[in-house]
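Below is one structure; the comments refer to it alone.
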Amino acid sequence: MKSTNYVTGTDEVLGLLQTVSDRNIPSVRGELRKGDLVSTYGRRTDDYWLIDDSHIHQRLKGFNNSEFPLEAIYRLLPGTSESRRQLFETEGEVVQTGGDIAFSYRLLPYSRAVETETGVCAERSILLQLSQQGKLPIFLATGLCKIGDEHAYHAFNIALKDGQVVLVDVKPRESRNGRYNPFIVPVKGIDIANQSVVLPENLSDGRKYSITHLDEIF
């Protein structure tokens, strides 16, 4: 890919994300298939989900309309990082790799996240990816999100919806009445040098998103 620091426009942004996915840089994933492994946290972690049913969303309520099923996913997976850790500790299969640098990790079928209603940003973004990837261009992205003073690992999705590239986060906007307030914001561009997704400031609620390892495409 030609070296550039900033991409804008629908074709350029989608092309960049597809290139990252095609090069097996795990911070961007295109289509998830049965048998794929997805890290629960960043590039390499102790815990991985095995996609054992790429159509698992078809068993669930609220996933058959033309809109992003964000509230359905958020209500289904209200877990915490701690509950996910406990699930992997009690049920995870320990896998030992060979090679010059051996390491072990824990593995669980992703269906267990849905069955036990255990999940946070990664699990929610995986489910959104699975539910939409047969309908429209969509990518699962991992990196960092800064909301106010909070700066932490986060997973989200970037999709083409009605001709516009949008960042979709299952984590809702703040709401005073307790109703689910979806976060779907147009993407102005991707700043590769800073590994950031550029959003309109007046629509972003102060959130700042980044995608790790983007510089590895050059």
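Every number in this text was worked out from the coordinates using simple rules, so none of it is lab data. Remember, it's a predicted structure, so these values are computed and weren't measured experimentally. For neighbour counting, all protein chains shown are included, and Cβ atoms are generated from backbone atoms with ideal geometry for every residue, glycine included.
One table, with the values for the structure above:
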item: Partner aspartates and glutamates for residue 208 [C-alpha distance under 15 Å; skip if fewer than 8 residues away on the same chain]; result: 149, 150, 169, 191
item: Computed FRET value (nearest 0.05) for residue 55 with residue 193, which takes r as the C-beta separation and R₀ as 35 Å; result: 0.35
item: Summed residue charge, Cβ within 13 Å of residue 70's Cβ, Lys/Arg positive, Asp/Glu negative; result: +3
item: Flagged links, alpha-carbon separation over 29 Å, of 61/188; 34/61; 135/188; 61/146; result: 61/188; 61/146
item: In sequence order, calculated HN-Hα J values of segment 168-185 (Karplus, 6.51, -1.76, 1.60; Hz; x Gly/Pro); result: 10, 10, 5, 5, x, 5, 5, 9, 7, 9, x, 6, 5, 10, x, 10, 10, 10
item: Estimated inter-spin distance, residue 218 and residue 64, nm [label 7 Å along Cα→Cβ]; result: 4.9 nm
item: Under 5 Å, built H, 5+ apart or other chain: amide partners of residue 119; result: 79, 80
item: Options [x] 17.9; [y] 20.6; [z] 20.1 - which one matches Kirkwood radius over Cα pairs in Å as calculated here; result: [x]
item: Residues residue 33 and residue 71, FRET efficiency given R0 of 25 Å [Cβ-Cβ distance, rounded to 0.05]; result: 0.40
item: Gyration tensor (alpha-carbon) shape descriptor, segment 103-218, a/c threshold 1.5; result: rounded
